[in-house]
Amino acid sequence: MRNVLSGRFGTVILAGALACAIAGTTGCKKLLKGKKDAGAAGGGETAATAQDDADEQLTQKLDAYIDCLNSLSSSAHRSRARYFQWVPKTGPTGNEKFPLGIHEIAKGEAEECSAGVAKAKLMPPANPKLEAAGEEFSQAIVGLDALVDDAHVYYENKNFRDDKFAKGKALHPQLMAAFAKFSKADSNLHATLDSITKPLAQRTLGRIEREEGRKFRYHRKATLIHARELVEAGDPVGDDDDIDFALYNAAFTEFDSALTGLETYGTLHRKDLDARTNPAWPLAAPHMDSFIRAANEYRKKSREYLRCLRDAPAKAKAPSGKVDLEKLPPCPDGRPRDVVFRYNEFIKTSNANQFP
């Protein structure tokens, strides 16, 4: 089961800032409106539909929620993991010789998240479920941040030497409750965003094809969509954390095909990236190269993980065909956490290297 607070194998970064990443543009306003339809008679404009306009508003509204998850989930997990490196679940005993303390949560990010969520709540279109999940998340992280700061100062300054861990023992149940509250809120916001962003991404891909055809923007977006589906197939959410090999294999095939499509189109139309009308000019071509390199690193690790799952011993395979990772021998070349790491590096590279 993927604990969304951390991810079973590490936090999965969502592509963002979403308002930019959904359509793959360098600007975040009017993502596709007014694009020329090369297939239309006379090369006229393709009119935006009501759904297109609603989606443009939605992408801007979602941005704050995506930023909250990307900036805080991993940081909160690291803080929790550091604390439980040395503290039993029942709390400090007072006999610890080398307390490791607790990592701070990213400075200023909790307040920024809270402000962003408050602003996004007022933006159209109204979405009570999303707004409630965002409010729950922002309240949970602000409360957790304050407690972690207090605990960090206490352990960093070694104040436990003065009170024999009295404050540390008092803080422990508060930290436990705050971490649990945040984990629940984080999971809820992640699931809520999934239910919105996945259909939105597919609608955007269809719009790109309708307005531009299967060119750079289409292939880039398709690669990102299938990359996300692949990483999630390898780290499922829910009580059943066994890996569905057939699902992972199919997801890998889709991603592999999408990336190959981008590489092929990029080779044949590379000169199009050098057009001065390209908003990413003159860096479009090297940006595409960086994007493809990072995608290939992710593909390589995903393929190695696929082989590991494929070659799992009988004892690790359920009758359903799923693979129990706890019964799977070590696969040095296909470790799940390396797949997640390469996916995250790919998304970071994508966000920093716009080219279509």
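Taking the Cα of ALA246, stepping 7 Å toward and past its beta carbon, and measuring to each backbone N in the range 289-327: which are under 16 Å? Of the residues in the range 289-327, 310, 317-324 have backbone N under 16 Å from the label point off ALA246.
Over all orientations, the chain has a Cα convex hull whose mean projected area works out to 20.8 square nanometres.
Here, P(r) means the percent of Cα pairs in each 10 Å bin from 0 to the largest distance; for the range 116-251 it is 10, 23, 26, 22, 12, 5, 1. Using R₀ = 25 Å, calculate the FRET efficiency as 1/(1 + (r/R₀)^6) where r is the Cβ-Cβ separation of LYS315 and THR253; round to 0.05. Computed FRET efficiency for LYS315 and THR253: 0.40. Just to confirm a number: summing +1 for Lys and Arg and -1 for Asp and Glu over residues other than THR260 whose beta-carbon lies under 12 angstrom from that of THR260, what do you get? Result for the neighbourhood of THR260: -2. Estimated purely from DSSP H runs of n ≥ 4, each contributing -39500 (n - 2.57), the mean residue ellipticity at 222 nm for the chain is -21000 deg cm²/dmol once divided by its residues. When each of MET288, MET176 is scored by the number of other beta-carbon atoms lying within 10 Å, the sequence from fewest to most is MET176, MET288. Cβ crowding within 10 Å, taken as a proxy for footprinting-reagent exposure, orders HIS190, HIS226 from fewest neighbours to most as HIS226, HIS190. The angle between the Cα long axis of helix 336-352 and the longest principal axis of the Cα atoms of the chain comes to about 50 degrees, rounded to the nearest 10.
Taking 0.36 nm per residue of separation and subtracting the current Cα-Cα distance, fully stretching the chain between GLU156 and LYS97 would add 19.8 nm. The modelled label-to-label distance between ALA126 and GLN174, using points 7 Å beyond Cα along the C-beta direction, is 3.8 nm.
Projecting label points 7 angstrom from Cα along Cα→Cβ for LYS198 and LYS184 puts them 2.4 nm apart.
Here the label points at ALA50 and LYS348, each 7 Å from Cα along the C-beta direction, are separated by 4.4 nm in the simple model. Computing Rg and the Kirkwood Rh from the Cα coordinates of the range 63-122 gives a ratio, Rg/Rh, of 1.17. Applying both filters, DSSP loop and at most 14 other Cβ atoms within 10 Å, to the trypsin sites (Lys or Arg not before Pro) of the range 162-204 gives LYS164. Seen against the Cα atoms of the chain and their longest principal axis, helix 166-212 is set at about 10 degrees. Taking the fewest neighbouring Cβ atoms within 10 Å as the starting point, the ordered list for CYS308, CYS68 is CYS308, CYS68. Taking Cα centre as origin and charging only the Cβ of basic (Lys, Arg, +1) and acidic (Asp, Glu, -1) residues, the dipole magnitude of the chain rounds to 540 debye. Compared with the dominant principal axis of the Cα atoms in the chain, helix 216-233 is inclined by about 30°.
Just round it to a whole percent: the fraction of Cα-Cα distances in the range 33-212 exceeding 25 Å. Roughly 49 percent, once rounded to a whole number.
Each peptide among 143-153, 86-96, 55-65 gets the average number of other Cβ atoms lying within 10 Å of its residues, and from highest to lowest they stand as 55-65, 143-153, 86-96. Over the range 214-356, what portion of Cα pair distances is larger than 28 Å, expressed as a whole percent? Counting every Cα pair in the range 214-356, those more than 28 Å apart make up 26 percent.
Where a number appears in this text, it was derived from the coordinates with a stated rule and is not lab data. Note that this is a predicted model, so its numbers are computed, not measured. In this analysis, Cβ positions are derived from the backbone assuming ideal geometry, glycine residues included, and neighbour counts consider all displayed protein chains.
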